[in-house]
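Working notes, structure below.
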Amino acid sequence: MVYPYSKGWFIKELKNAGITHHPVEKRKLENYKTHIIRSLWMEKVKNKQK
């Protein structure tokens, strides 16, 4: 179970959108802290839903 807005939830949402690695550094998402993953989610996924 993944709690909403936790690190795992952000990673799951990004992977559902087709993003598995950081776009600039090309490392796996799991290596980053939550605030970096959240900002990436805000840029890529949330803004596309509007």
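Figures for the structure shown
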quantity	calculated
Summed residue charge, Cβ within 13 Å of PHE10's Cβ, Lys/Arg positive, Asp/Glu negative	+4
Residues of type lysines that LYS7 reaches as a straight line, Cα spacing below 22 Å, ignoring anything fewer than 8 places off in the same chain	LYS15, LYS26, LYS28, LYS33, LYS44, LYS46, LYS48
Alpha carbon Rg of the chain, scaled by the compact-globule rule 2.2 N^0.38 Å	1.03
Debye, to nearest 20: dipole size of the chain, +1 on Lys, Arg Cβ, -1 on Asp, Glu Cβ	60
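Laboratory data are not the source of any read-out in this text; all were calculated from the coordinates shown. It should be emphasised that the depicted structure is a prediction, and the values quoted were computed from it without experimental measurement. Here Cβ is always computed from backbone atoms with ideal geometry, including for glycine, and neighbour counts include all displayed protein chains.
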